[in-house]
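The values are calculated or read from the model by the stated rules, or taken from the named source; none is laboratory data. Quick caveat, the model's predicted, so the values are computed rather than measured. Using ideal geometry, Cβ is built from the backbone for each residue, glycine included, and neighbour counts are taken over all protein chains shown. Surface areas here come from the heavy atoms of the whole protein model, side chains and all, with no ligands, DNA or RNA. Shrake-Rupley method; radii C 1.70, N 1.55, O 1.52, S 1.80 Å.
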Amino acid sequence: MKKKKSVAKIIKPSQPTDLEYIKLFNDCVIDKDFLGAIDKTIDDQINPNKSKYTDISDLVAGRNPSTTANSFYGFAPGFALNTRPLTMNFSNDPFSFPINKSPFQFKNPFETSINDFIVAGNQIPWYFIACAHYLECSFSFKKHLHNGDPLTNYTVKVPANRPKVGHPPPFTFEESAVDALKLMKFNEISNWNLPTVLRKLEAYNGFGYFKYHQINSPYLWSYSNQYSKGKYVSDGKFDSKAVSKQMGAAVILKRMEERTLISIPRH
């Protein structure tokens, strides 16, 4: 009696590869009918809050938040703010330039620490946080970055009962955002290249579009040639004819690159 040949089970990929993400982004063409709306979102909501998103990124990385003054005085982003009271005394060392604690607090630019050499790619990009804020909260600073639930209480939707910050509600947007980003272990990522940015944004909503329906996620690609229709209208319910009315995060980033507002490394 002949033995039946075993048939290898084909395992479908659960998410796009790095090269697929790069190609999708490079080939992305934004629908001209939506350019005005995308630009308005960038100009009215994203760019004005860049410093807030940057501060959150710094907090997740365990660094002191940056300030407008920090940029004004020309210090590189790596320099941490100094909380020690210093006086203007140059008698001991001609190359020591302490800066008075008030009104701004800075490190001596000739003092360095390991944090001063953390490259930008090791921190969550501010524009990633901006896109997550749009997709989850519609830019409201009164909602949890985890899932858009109100900051007046713990989260109810998945992930529930967040944030864990050591005090009861209400919560600030910043402390909840830090909790959300650390909960997803984004603070452990060492290279925020383009595939990572897109993959982690898609992970916020899940990879069901790619895995189960073989279409690009509107969460990333809505308002472009990379998406036409198909949408989860509720948890677990997919409508092949529904069209997302929310602009995709990758499309926002694509437009920001076109306007030379950001430059995302491909590898």
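Annotation: extensible slack from PHE238 through ASP43 equals 66.9 nm (criterion: 0.36 nm per residue apart, minus Cα-Cα distance).
Computed in the context of the full set of protein chains, the accessible area of the stretch 183-267 at 1.4 Å probe radius has 46% of its extent on carbon or sulfur. Highest-first packing order for the peptide set 152-161, 136-145 is 136-145, 152-161, based on the mean count of other beta carbon atoms within 10 Å.
Remark: for residue pairs LYS23/LYS237; LYS23/LYS211; LYS40/LYS254; LYS142/LYS231; LYS50/LYS157, the C-alpha separation exceeds 22 Å in LYS23/LYS237; LYS142/LYS231; LYS50/LYS157. Per residue, the convex hull around the alpha carbon atoms of the stretch 125-190 comes to 76 Å³. Sorting the segments 122-129, 179-186 by their mean number of nearby beta carbons within 10 angstrom, highest to lowest, gives 122-129, 179-186. Each residue was assigned an accessible area with a 1.4 Å probe, and for HIS267 the value is about 150 Å². For the listed peptides 231-237, 171-177, 14-20, a ranking on the average number of other beta carbons within 10 Å per residue, highest first, reads 171-177, 14-20, 231-237.
Provide the per residue accessible area, probe 1.4 Å, for the stretch 225-267, rounded to a whole number of square angstrom.
Averaged over the residues of the stretch 225-267, the accessible area is 59 Å².
Measuring r between the beta carbons of HIS267 and VAL156 and using R0 = 45 Å, the FRET efficiency lands at 0.70.
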